[in-house]
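S.K.: Shown below is the structure under consideration.
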């Protein structure tokens, strides 16, 4: 059993306009009470969710191709997550691990040591969010190396804190009007095959050469504490760097004493068909940051890495009041057990087997789809004006809206706002997955 008894029926059901009257009433209350800066992709207010379905307060059942942005990979009401978190709630909700510790935190750290790439000695520190994890990875790398500079990549996204906004490429909505940002951050090219000017076949070699040249000349490798990269770039548009690029950058980091940080916050925990996306090319990062899918919907994040690097920060230098909260740790242990029990890596690969051929077929009939890409259950299509590679953010928004109205929850992304990303829960039924693709195909047919 993977979901609780309150999980909604696993079917698409549209019984009102979307959003319906109850959602509209709640949204009016939200607008009066919640800051405008907190937006919504789709203002339907959720009553319950699980499996591959989100049910709203009006009784609509939406097929979920978003997973709360890759968070509810095991489903939004996974039985083991609910069971473990409920048991922990009955015992205690909080003590602060830095004051009086508890076993759940230690067990999560042990699981992370076992699951992350490499057979070296590893340690972890737990936090609340992906941005916190990235920020602490940078702190650890600086403490270990005695250096200050941090290198990141075009189209990268790493969070909304001041430092992680500096690490993030895209201005609107993440950085606009919020500066000044943290210094000593340097951005270099990434191997984006679809948009590499000399073609995808040259992308890996040329992008790596350009990135290394810029680091060497503009920063100085001896000044770089960390290179931080997403093995599959999330908010930038589900970009898979061309094969060979990531190993070359990792080799450069190793040769120059730079801490190589894999940001696996969106791509980790079975999302790409492996525990972590960096495994695809055999990369063993020095540090790996995780969050999102780690705890089945409860707020938890981690930095895991080589013990000697993780131990560089002085005692008391890492932590936070809620970091590694006992209830979130219990949820993580339930989520990881579910991933193993159901072999969610295999489920992610099966989702890819179903989705990619179907999306390729839709693309054959709709030249606005310029690229179909991704791995596992982290798949995307990039929309362009036919006959060009000019991004078509307007059409992207229209397709998303049509899907929402028909009961399919999808998300847009990308530096240019022209990518539709698909992040279904890894436990979604194949029938629902196929029906969701039917809805998408109908949306393109309607808008063509």
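Derivation of every value follows stated rules applied to the coordinates shown; laboratory data play no part. Predicted model, so just to flag it, every value in this text is computed and none were measured. Counting neighbours? That spans all protein chains shown, and the Cβs are built from the backbone with ideal geometry, glycine included.
S.K.: I'd like to know if the stretch 331-347 contains one or more residues that are surrounded by 24 or more Cβ atoms within 10 Å (Cβ to Cβ) and without any contact (Cβ under 8 Å) to a residue 60 or more places away in the chain.
M.R.: Among the residues of the stretch 331-347, not one is surrounded by 24 or more Cβ atoms within 10 Å (Cβ to Cβ) and without any contact (Cβ under 8 Å) to a residue 60 or more places away in the chain, which makes the answer no.
S.K.: Among the numbered criteria (1) part of a helix (DSSP H, G or I); (2) buried (at least 24 other Cβ atoms within 10 Å of the Cβ); (3) in contact with a helix residue (DSSP H, G or I) (Cβ under 9 Å, 6 or more places away or on another chain), which single criterion is violated by residue 111?
M.R.: Tallying (1) part of a helix (DSSP H, G or I); (2) buried (at least 24 other Cβ atoms within 10 Å of the Cβ); (3) in contact with a helix residue (DSSP H, G or I) (Cβ under 9 Å, 6 or more places away or on another chain), residue 111 fails exactly one: (2).
S.K.: Out of everything in the stretch 42-56 that is out of contact with any helix residue (DSSP H, G or I) (no Cβ under 8 Å at 6 or more places or on another chain) and surrounded by fewer than 18 Cβ atoms within 10 Å (Cβ to Cβ), what residue ends up being farthest from residue 423 (Cα to Cα)?
M.R.: 47
S.K.: Are there any pairs with C-beta distances below 7 angstrom linking a residue in the stretch 194-214 that is free of Cβ contacts under 8 Å to residues at least 12 places away in the same chain to a residue that is part of a helix (DSSP H, G or I), with the two at least 6 apart or on different chains, and if so which?
M.R.: Partner pairs satisfying both residue conditions: 198/206.
S.K.: Among the residues of the stretch 339-368, what is the count of those that are over 14 Å from residue 425 (Cβ atoms) and touching a strand residue (DSSP E or B) at 6+ places or on another chain (Cβ under 7 Å)?
M.R.: Within the stretch 339-368, residues that are over 14 Å from residue 425 (Cβ atoms) and touching a strand residue (DSSP E or B) at 6+ places or on another chain (Cβ under 7 Å) number 7.
S.K.: Next question, about the same structure. Among the helices (runs of 4 or more DSSP H) contained in the stretch 307-383, which hold 2 or more residues that are closer than 19 Å to residue 114 by Cα and in contact with a helix residue (DSSP H, G or I) (Cβ under 7 Å, 6 or more places away or on another chain)?
M.R.: Working: elements: 307-310, 326-341, 344-365.
Filter on the stretch 307-383 gives 307-310, 326-341.
S.K.: May I ask you to verify whether residue 302 is in contact with a helix residue (DSSP H, G or I) (Cβ under 7 Å, 6 or more places away or on another chain), crowded, with 24+ Cβ neighbours inside 10 Å and assigned to a helix (DSSP H, G or I)? Step through it out loud before you land on a result.
M.R.: Numbers: in contact with a helix residue (DSSP H, G or I) (Cβ under 7 Å, 6 or more places away or on another chain): yes; crowded, with 24+ Cβ neighbours inside 10 Å: yes; assigned to a helix (DSSP H, G or I): no.
So residue 302 does not fit the description; no.
S.K.: While we're on this one: Looking at the stretch 130-148, which of its residues are out of contact with any helix residue (DSSP H, G or I) (no Cβ under 9 Å at 6 or more places or on another chain) and not in a helix (DSSP H, G or I)?
M.R.: Passing the criteria: only 146.
S.K.: For the stretch 179-293, which strands (runs of 3 or more DSSP E) that fit wholly inside it have 1 or more residues that are crowded, with 24+ Cβ neighbours inside 10 Å? Quick ask: steps written out before the conclusion?
M.R.: Details: elements: 185-188, 224-229, 259-263, 287-290.
Hits in the stretch 179-293: 224-229, 259-263, 287-290.
S.K.: Going through the stretch 400-418 one residue at a time, which ones are more than 15 Å from the chain's Cα centre (by Cα) and part of a strand (DSSP E or B)?
M.R.: Those that are more than 15 Å from the chain's Cα centre (by Cα) and part of a strand (DSSP E or B): 408, 409.
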